[in-house]
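Let me begin by presenting the structure, written as structure tokens, before commenting on it.
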Amino acid sequence: MQYLSQKLNLSAEEAEKFWPVYKNYTKEVETLIAERHNKRQQDKELSDPDDIARRNMDNDLGYEKRMYDIKSRYTNEFQRVLPARKAGAVFKSEREFRNIMINHLNNQRLNRINQRGNFRKRP
């Protein structure tokens, strides 16, 4: 929240309107991700690799479409509560934050490996 607030330079009034909408957006995205994960787990129970691949392709296309629909809808919602330039920066700022966190976690993992003296290279 703090990262997005700073990145978007939200005023108190904007933040009051933005955060409830953003929380609804993240709930929908998290639900979709959980559904995708559950479908993948169920598909692992299939024995035919071709059936698994076919279902994964179908599921992935459906997932991407639903994610696009969610983002399209919330682009409009964000524009209702924020000025256009700030609304347009929400997804970009979210991606930046995610990349920062991924890099941070990767660095932590590498530091732990180096501290143990385990210098295995990743395949």
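A short reminder: the numbers here are calculations on the coordinates, not readings from a lab. Here the structure is a predicted model, which means the values were calculated and not measured. Cβ placement follows ideal geometry from the backbone for every residue including glycine, while neighbour counts extend to all protein chains displayed.
Using θ = phi - 60° and the Karplus curve 6.51 cos²θ - 1.76 cosθ + 1.60, what whole-Hz ³J(HN,Hα) does each residue of the stretch 84-91 get, with Gly and Pro shown as x?
With the stated coefficients, the stretch 84-91 comes to 3, 5, 7, 4, x, 9, 4, 5 Hz.
In terms of modelled amide H atoms, which long-range or inter-chain residues lie less than 5 Å from the amide H of LEU10?
The list, which skips near neighbours in sequence, is empty: none.
Over the chain, what portion of Cα pair distances is larger than 18 Å, expressed as a whole percent? Mind dumping the intermediate values first?
Numbers: 4982 of 7503 pairs.
Of all Cα-Cα pairs in the chain, 66 percent lie more than 18 Å apart.
At 7 Å along Cα-to-Cβ for each site, give me the label-to-label distance between GLU45 and ARG73 in nm.
Output for this residue pair reads 2.9 nm.
Please tell me which of these pairs span more than 21 angstrom C-alpha to C-alpha: LYS39/LYS92; LYS27/LYS65; LYS65/LYS86; LYS17/LYS86; LYS23/LYS92; LYS17/LYS71? Could the numbers behind the result be given before it?
Numbers: LYS39/LYS92 28 Å; LYS27/LYS65 17 Å; LYS65/LYS86 25 Å; LYS17/LYS86 13 Å; LYS23/LYS92 17 Å; LYS17/LYS71 18 Å.
Correct reply: LYS39/LYS92; LYS65/LYS86.
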